[in-house]
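Presented below is the structure to which this report refers.
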Amino acid sequence: MQFVAINWHVYLLTKSPLALGLVGLFRGVPIIVCSLAGGVVADAVDRRKLLVVTQVVMLISAALLAAFTIAGLDSVWPIYVLSGLASAANAFDIPARQSLMPALVPTEVFPNAVSLGLIVFNVATIAGPAIAGFMLAETGPALIYGVNALSFLAVIAAVIAMRTSGDPERNGDRGSALSFAALKEGFRFVRNTPIIVQTMTLDFAATFFASATLLLPIFASERLHVDARGYGFLAAAPAVGSVITALVMARAGSFSKQGRLVVVSVAIFGLTTAAFGISTVFWFSLLMLAVTGAADTVSTVLRQTIRQLVTPNHLRGRMTSINMMFFMGGPQLGELEAGLLAAAIGAPLSVVIGGLGSIASSAVAALKSKSLMDFEV
């Protein structure tokens, strides 16, 4: 809900594609700067306690957004700064969160757990934008920011209620020190594991080029001629496709030729992104966005499963943090690229070029990434 509200809020304040692109910059830079430290910390401290701290920081960010908006915010800079603060907290939150997952479920059902996790996430991603669209139309963004701040209390309570240790050593991991040497150990492992390098590179390239979500306010208002409610449905459409696909994958359990399936799903993601870029029909745009979500889910589940299962327990936090530079830095920097390109040549052509870039990335991976193409559990 807050993601949708921020993009709409910035667009209302500026009417500028470049200003929307800067949202991606302020989200992306803290992730790139802080993610490496986040991985080292996640492998050295109690991960549950770390999650509580990061959730409190994100709560404060949302609460300040609500307070500033109620006071009559007329500048985008507080939105940029507080978005950056939340992203910095997320750079510590995600390595700790993903590193806990293998301690919670047996290895043989880990792909199913990833699929179910995506279902839960994307059900919220469906409901959130749709509800946000109606709330934006009726009340504006302040209430959404306030509701988001309160929601972190539930997350904190859930983390505290978990019946498992967040201590890496008690979970069977070797543990590591808070040191530069620990960071180098993580880099060395990633560099010497070709399939991880290849999945991370493909992830970054695909999401950098195909970042259509940021420009949805422009498509909703100027191309599809729908209001904030229609914008909410557009923002929710990828998650609808994602949930349906994740349910199928959770039921199926495992797939053959997982590496090749990752590459094919990235190509489909790029193709449907480009199709969305040229669409002027609301229902077709919804359908294309839903297929992008479906393709992205196939790729995400398989990539996350591959990386977690080939990484030793004591290195998972650092591997995840290095990967964050790709799977989160790519979309955020891609949003800046999309905003700059949209300001120069228009939003539709910007999205089409991005989709074609994603297709090209999958073609390069198919030709060059032998470890990925040959991978099969």
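No lab work stands behind these numbers, since they all come straight from the coordinates. It should be emphasised that the depicted structure is a prediction, and the values quoted were computed from it without experimental measurement. Ideal geometry is used to build each Cβ from the backbone, glycine not excepted, and the neighbour counts take in all protein chains shown.
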Exercise. If we scan the range 82-95, do we find a residue that is more than 15 Å from the chain's Cα centre (by Cα) and not small (Gly, Ala, Ser)?
Worked result: yes
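What do you reckon, is Leu341 free of Cβ contacts under 8 Å to residues at least 60 places away in the same chain and under 24 Å from Ser83 (Cα atoms)?
Values: free of Cβ contacts under 8 Å to residues at least 60 places away in the same chain: yes; under 24 Å from Ser83 (Cα atoms): yes.
So Leu341 passes the test.
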Exercise. If you check every pair at least six apart or on different chains, which have Cβ atoms under 8 Å apart with a residue in the range 352-377 that is over 19 Å from Ile195 (Cα atoms) first and a residue that is among the acidic types (Asp, Glu) second?
Worked result: Gly354/Glu337
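Only one residue in Ala142, Ala130, Ala154, Ala149 is more than 20 Å from Ser61 (Cα to Cα) and not charged (D, E, K, R). Which one?
Ala130
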For this session: Could you tell me which numbered condition Ala44 fails, if it satisfies all but one of (1) in contact (Cβ under 8 Å) with a residue 40 or more places away in the chain; (2) assigned to a helix (DSSP H, G or I)?
Result: (2)
For this session: Please find, among Arg307, Arg260, the residue that is out of contact with any Cys (no Cβ under 6 Å at 6 or more places or on another chain) and surrounded by fewer than 21 Cβ atoms within 10 Å (Cβ to Cβ).
Result: Arg260
For this session: Provide a single number: the residues in the range 192-212 that are part of a helix (DSSP H, G or I) and crowded, with 21+ Cβ neighbours inside 10 Å.
Result: 12
Problem set entry | Candidate set: the range 4-16, residues that are surrounded by fewer than 19 Cβ atoms within 10 Å (Cβ to Cβ) and in contact (Cβ under 8 Å) with a residue 12 or more places away in the chain; chosen: the one nearest to the chain's Cα centre (by Cα) | Ser16
Exercise. Out of (1) surrounded by fewer than 24 Cβ atoms within 10 Å (Cβ to Cβ); (2) among the β-branched types (Val, Ile, Thr); (3) within 22 Å of Leu12 (Cβ to Cβ), what's the single condition that is false for Val123?
Worked result: (3)
For this session: State whether one or more residues within the range 17-36 are among the charged types (D, E, K, R), under 17 Å from the mean Cα position of the chain (by Cα) and within 29 Å of Met101 (Cβ to Cβ).
Result: yes
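Please pick out the residue among Val114, Val109, Val123 that is over 30 Å from Leu286 (Cα atoms) and hydrophobic (A, V, I, L, M, F, W, C). Walk me through how you get there before you give the answer.
Details: Val114 fails: over 30 Å from Leu286 (Cα atoms); Val123 fails: over 30 Å from Leu286 (Cα atoms).
Going through Val114, Val109, Val123 in turn, the sole match is Val109.
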For this session: Need at least 2 residues that are under 25 Å from Asn112 (Cβ atoms) and not aliphatic (A, V, I, L, M) per element, so show me which helices (runs of 4 or more DSSP H) inside the range 297-377 make the cut, counting only ones lying wholly within it.
Result: 316-327
Exercise. Can you pull out the residues in the range 81-108 that are free of Cβ contacts under 8 Å to residues at least 24 places away in the same chain and surrounded by fewer than 18 Cβ atoms within 10 Å (Cβ to Cβ)?
Worked result: Val105, Pro106, Glu108
Exercise. In the range 213-253, how many residues are surrounded by fewer than 19 Cβ atoms within 10 Å (Cβ to Cβ), closer than 24 Å to Ala343 by Cβ and among the hydrophobic types (A, V, I, L, M, F, W, C)?
Worked result: 1
